[in-house]
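Values quoted throughout were computed directly from the atomic coordinates according to the rules given, and no laboratory measurement underlies them. Computed from a predicted model, the values in this text were never measured in an experiment. Positions of Cβ are backbone-derived with ideal geometry, glycine not excepted, and every protein chain shown enters the neighbour counts.
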Amino acid sequence: MTEKTILVTGGAGFIGSNFVLNWINQEGSPVINLDKLTYAGNLGNLSSLKNDKRHIFVKGDINDRTLVQELLTRHRPWAIVNFAAESHVDRSIHGPEDFIQTNVNGTFHLLQETRAYLETLEGEEKNVFRFLHISTDEVYGSLGPDDAPFTESSPYTPNSPYSASKAASDHLVRAFHHTYGLYTLTSNCSNNYGPYQFPEKLVPLIILNALNWKPLPVYGDGLNVRDWLYVQDHCEALRIVLAQGKSGEVYNIGGGNERKNIDVVQTICSLLDELRPVSGQKYASLISFIKDRPGHDRRYAIDARKIGHQLRWKPEETFETGIRKTVQWYLDNMEWVKSITSGDYQRWLEKNYGNRGTA
Ligand code: NAD
Ligand code: DAU
């Protein structure tokens, strides 16, 4: 391996696998991909790299310090990009333990092993090394309708076990920079959507339920607002942050696309009416308002001016172009969908939606 190798964690998940594909395509340098392959990890996302020597997949846990140490020593990466996490808010409400184990303890162990590895480096190799931690806008809490979007200095007020665990990991990253001088970069981004997203999240869940002519579950009044970021725009931003970001800095990454949930669902329905029409029927007739998520944050919005001004990044896709591509991708990749909507997935649907009641 050359000094150009990077270590990606969670690279078989939604954003991680899009990032690995983007990285190999754009940078062409080797990636060590450490992923535990939880229900959310899927090597099928990376099938196009099957015979590509630049992608080395390692099944394992970021909490396994011996394994992490061994990978760092053997491959001598110049960067770690940490995507590995439990990522679904509803699952964190049903069972928060895994979120603490991976998001908090896992990040801590990764940081500790990074420190130990850096002790073994000298000169240029030590100076260039960086740790990019992928986080979320949810750490900043919930906005009112007229509040200004989150900036990098917005206070942390996480409201779900998921966002609290991500906030804890962000604080650890910050502390390792300030205390030990580790070259860290943290990015806090908004809701990603696009190819390979596991259908527990709103966009793919709505597409797949609609295609199966099942109810389209909208929590509460459907007026919660999220900012939508096309996953490839996010991956481009991360490559720029990794290359040019300043040590210890935080970068907010957003799509500039605030939408109410009900509008997102309506847009998907209209696209399906156009791309996969059902004679005499409208997909929107399936919309069903169900009991709200406990502690449901009302609105997220990102102020992405820092990354725009300092690193010259802006998203390519509008919500309209990105969601059209996404719906088309799911229509074109039903084999991928079939491969992941197994027994486990059906059990999750039953747990979260069965007997939930209406809004
Ligand atoms: P995901 O759930 O699709 O994928 C997570 C990946 O991490 C999976 O491949 C899983 O197998 C792996 N993983 C879980 N625990 C692990 C462990 N202990 N060791 C090694 N691997 C492990 O998540 P995603 O949507 O791709 O999100 C990636 C990162 O981006 C997460 O840190 C998440 O908090 C953050 N994020 C996601 C979004 C979004 O909209 N999806 C938005 C903001 C931030
Ligand atoms: O903001 C970034 C975050 O976005 C990431 O940190 C998380 O990892 C990611 O899961 C996502 O969190 P959300 O909770 O915003 O995403 P989700 O797709 O679960 O829900 C989007 C909105 O849609 C939210 O307001 C809840 C609502 N929703 C969701 C589901 C699954 C519904 O109305 N019905 C549903 O069935």
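Give me the tail of P(r) for region 189-288 as a percent: Cα-Cα pairs with distance above 24 Å. Walk me through the numbers before you get to the answer.
Numbers: 1625 of 4950 pairs.
Percentage above 24 Å: 33.
Beta carbons within 10 angstrom, averaged per residue: use that to sort the peptides 180-193, 133-146, 271-284, highest first.
The packing order, highest mean first, is 180-193, 133-146, 271-284.
Quick check on packing: order 315-322, 248-255, 124-131 by the mean number of other C-beta atoms within 10 Å, highest mean leading.
Values: 315-322: 16.9, 248-255: 23.4, 124-131: 15.4.
The peptides rank, most packed first, as 248-255, 315-322, 124-131.
Anything over 28 Å Cα to Cα? Flag those among Lys260/Lys314; Lys53/Lys166; Lys59/Lys246; Lys166/Lys306; Lys126/Lys201, in the order listed.
Values: Lys260/Lys314 22 Å; Lys53/Lys166 33 Å; Lys59/Lys246 31 Å; Lys166/Lys306 21 Å; Lys126/Lys201 39 Å.
Beyond 28 Å between Cα atoms: Lys53/Lys166; Lys59/Lys246; Lys126/Lys201.
Highest mean first, the peptides 93-105, 195-207 sorted by other C-beta atoms within 10 Å per residue fall in the order 195-207, 93-105. How big is region 291-336 by the Kirkwood estimate over distinct Cα pairs, in Å? After inverting the pairwise mean of 1/r, the radius is 14.2 Å. Which log10 I(q)/I(0) values, to two decimals, does the chain give at q = 0.15 Å⁻¹ under the Debye formula with one point per Cα? Per q value, in the given order, log10 I(q)/I(0) is -1.39. Our coupling estimate for region 176-188, obtained by passing each phi through the Karplus curve with A = 6.51, B = -1.76, C = 1.60 and θ = phi - 60°, is 5, 6, 5, 7, 10, x, 5, 6, 10, 9, 10, 10, 10 Hz, Gly and Pro reported as x. Pairwise inverse Cα distances across region 230-281, averaged and inverted, put the Kirkwood hydrodynamic radius at 14.2 Å. In region 1-156, one over the average inverse separation of all distinct C-alpha pairs is 16.7 Å, which is the Kirkwood hydrodynamic radius.
The charge dipole of the chain, taken about its Cα centre with unit charges on the Cβ of Lys, Arg, Asp and Glu (plus for the first two, minus for the last two), comes to roughly 380 debye.
Would you mind working out the magnitude of the charge dipole of region 127-256 relative to its Cα centre, with +1 at each Lys and Arg C-beta and -1 at each Asp and Glu C-beta, to the nearest 20 Debye? It works out to roughly 420 debye. Largest first, the three principal axis extents of the alpha carbons in region 231-359 are 52, 35, 29 Å in whole numbers.
Under 5 Å between amide hydrogens, built in the peptide plane, is the criterion, and for Arg298 it picks out Leu143 among residues at least 5 positions away or on other chains. Selection among Tyr140, Asn191, Gln266 by position relative to the dipole of the chain gives Gln266 as farthest towards the positive end (Cβ unit charges, Cα centre). Translational diffusion of region 92-238 was estimated from the Stokes-Einstein equation, with Rh taken as the Kirkwood radius over Cα pairs; at 4 °C and 1.567 mPa s the coefficient is 73 µm²/s. In plain terms, the chain from Asp303 to Thr358 could stretch by 16.4 nm, reckoned as 0.36 nm per residue minus the Cα-Cα distance. Here the Karplus relation 6.51 cos²θ - 1.76 cosθ + 1.60, evaluated at θ = phi - 60°, turns the backbone of region 347-357 into coupling constants of 5, 5, 4, 5, 5, 7, 10, x, 6, 7, x Hz, with x for every Gly and Pro. Taking amide hydrogens as placed 1.01 Å from N in the peptide plane, the amide H of Tyr219 sits under 5 Å from those of Ile290, each at least 5 positions away in sequence or on another chain.
Charge tally around Ser247: other residues with Cβ under 12 Å, Lys/Arg +1 each, Asp/Glu -1 each, net +2. Rounded to whole numbers, the Karplus 3J(HN,Hα) couplings from phi for region 157-172 are 9, x, 10, 10, x, 4, 5, 5, 5, 5, 4, 4, 5, 4, 5, 5 Hz, using 6.51 cos²θ - 1.76 cosθ + 1.60 with θ = phi - 60°, and x at Gly and Pro.
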